[in-house]
Structure formats: structure tokens, C-alpha cells
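Working notes, beginning with the structure itself.
The values are calculated or read from the model by the stated rules, or taken from the named source; none is laboratory data. These figures come from a predicted structure and were not determined experimentally. Because the Cβ atoms are built from the backbone with ideal geometry, glycine has one as well, and the counts that use them run over all protein chains shown. The accessibility values were calculated without ligands, DNA or RNA, using every heavy atom of the protein model including side chains. Shrake-Rupley method; radii C 1.70, N 1.55, O 1.52, S 1.80 Å.
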Amino acid sequence: MDDIVKKAMAKWPDVPHCYGWLALDARGNWRMRDERAQHLNLPGDKVVQVALLGFINRNYLPDERGCWFFQNGPQRVFVNLEATPFIARTDPSQGLVLHTGEPVASIARAWMTDNGELIVESAGKIAQVDDRDVAQLMAALEIDGKTASDDALMDWLDGGAGRLTLRYKDQAAPVERIGRDEVATRLQFVRMPAPPGV
């Protein structure tokens, strides 16, 4: 967290929290959602200013409820998540990189949804892989130690036998099936934060 943010929090400890104004889409874009976007349930405007993106990324944290927020000075701006708290993209030199710019050094475990979305856990961070990059990782999926063909993978997704793993940086992470509608509950985060008691 930036020092300027810590000082602002100490100076103004009781600033009300903000909900609905910031979102993270499934491709790792931060989106500002003004009143019109919220009212019409629109995604909002993509944040493109480099300095602002860096500020949000450095001050992005979870609370004790599993709600993710951007600490904007003294105010917590809670984030609506289209997918997961982090989004991973492929990078030619680093493998996977989180939308915050942090490289994924290793994958502890992974999940595949009934829709074919791939979710990974790295250093305790849950990240769905950008849908444009999932195909690049398909060649790294193995069933019982052998490269998973498209047919074998579809069979596995439908409940077929075999142990699915994702090979990443010379390690094989186990892959579990997960329903799209149970991702947030099982992986313990809140997609649409609301004030406590609401």
C-alpha cells in the first residue's frame, strides 16, 4: 500500500466506503462505473491512464469478508468482479502474469469450469485466465500424465475418469472441476460486494 494512502487513512479514519463504482472485468480491465452505468447495469468505462492503473493495482486488497477493494486514500472503493479477484494473461517471457503486472511464479492448483474457463491459484491469489489465452494453456493439460486431447478433455469435463493436471514451469498442478456458479463460494471471495447487513 502506498505511504500516501496510509497517511490519508490515519488522517481521515471514518470516510464511508464506496460500492458499485469500480469493476474488474474478465479480461483484467479496471472499469469506472458512473451512476448511469450502474443504473443500466453497463460494464463502465475502461481505465486507461497508466498512473491511475498503477495506483489501483498497488492498493488492491481483500477485507475479512472476501470482498476486494481499492484503497483510494482514506476510502475503500469496493470492486465488482466479473470473474475472479485476479485475471491472468500469458506473457512470452514470463509465462502467466496477473492483471496487476505480477508474474505467476508457480501454480498450486487449478480449476476448470463447466464452461471451459481455467482458474489458477498462485501464492494464495485466485486468477481466471483471460479467455483469449486459455487455448495457449490447453497443450499443458495432461490426463494421467499424457497430453489431453480435446475429446479426452471434454470427456473429463463431463465427469470422465482420470487425473487432470496443468503443467506450468516444470511442475504439474492438479486441476479440479468446478461449476461456474460455485466459483466464488468455493474459492472464498465476493463477486458483488455490498455494505454489511445489506
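The table below lists the values:
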| item | result |
| --- | --- |
| Lone qualifier among 20, 54 - being surrounded by 13 or more Cβ atoms within 10 Å (Cβ to Cβ), farther than 20 Å from residue 102 by Cα, of a type outside the set (A, V, I, L, M) and at pLDDT 90 or above | 20 |
| Which listed residue, of 105, 88, 83, is of a type outside the set (S, T, N, Q), outside any strand (DSSP E or B) and either closer than 23 Å to residue 38 by Cα or open to solvent by less than 10 Å² (accessible area, probe 1.4 Å) (or both) | 83 |
| Cross-chain or 6+ apart pairs with Cβ under 8 Å, the stretch 72-97 first and free of Cβ contacts under 8 Å to residues at least 40 places away in the same chain, then polar (S, T, N, Q) | 97/90 |
| Hits in the stretch 15-46 - residues which are among the small types (Gly, Ala, Ser), at negative phi and touching a residue at least 40 places away in the same chain (Cβ under 8 Å) | 23, 26 |
| Every residue from the stretch 71-80 that is open to solvent by 10 Å² or more (accessible area, probe 1.4 Å) and not in a loop (DSSP other than H, G, I, E, B) | 72, 75, 76, 77, 80 |
| Condition check for residue 121: within 26 Å of residue 29 (Cβ to Cβ) and either open to solvent by 20 Å² or more (accessible area, probe 1.4 Å) or part of a loop (DSSP other than H, G, I, E, B) (or both) | yes |
| Condition met for residue 114 (surrounded by fewer than 17 Cβ atoms within 10 Å (Cβ to Cβ), in contact with a Lys or Arg (Cβ under 7 Å, 6 or more places away or on another chain) and not polar (S, T, N, Q)) | yes |
| Qualifying position, being of a type in the set (S, T, N, Q), modelled with pLDDT of 95 or more and open to solvent by 30 Å² or more (accessible area, probe 1.4 Å), among 185, 165, 147 | 185 |
| Filtered residues of the stretch 177-198 (kept if basic (Lys, Arg) and over 18 Å from residue 33 (Cα atoms)) | 177, 180, 186 |
| Some residue of the stretch 165-180 being on the phi < 0 side of the Ramachandran plot and under 15 Å from the mean Cα position of the chain (by Cα) | yes |
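For (1) part of a strand (DSSP E or B); (2) in contact with a helix residue (DSSP H, G or I) (Cβ under 9 Å, 6 or more places away or on another chain); (3) surrounded by 13 or more Cβ atoms within 10 Å (Cβ to Cβ), each residue gets a yes or a no:
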{"site": "142", "(1), (2), (3)": "yes, no, yes"}
{"site": "151", "(1), (2), (3)": "no, no, no"}
{"site": "173", "(1), (2), (3)": "yes, no, yes"}
{"site": "177", "(1), (2), (3)": "yes, yes, yes"}
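Here is a yes/no grid of residues against (1) farther than 23 Å from residue 61 by Cα; (2) of a type in the set (D, E, K, R):
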site: 96; (1), (2): no, no
site: 135; (1), (2): yes, no
site: 150; (1), (2): yes, yes
site: 182; (1), (2): no, yes
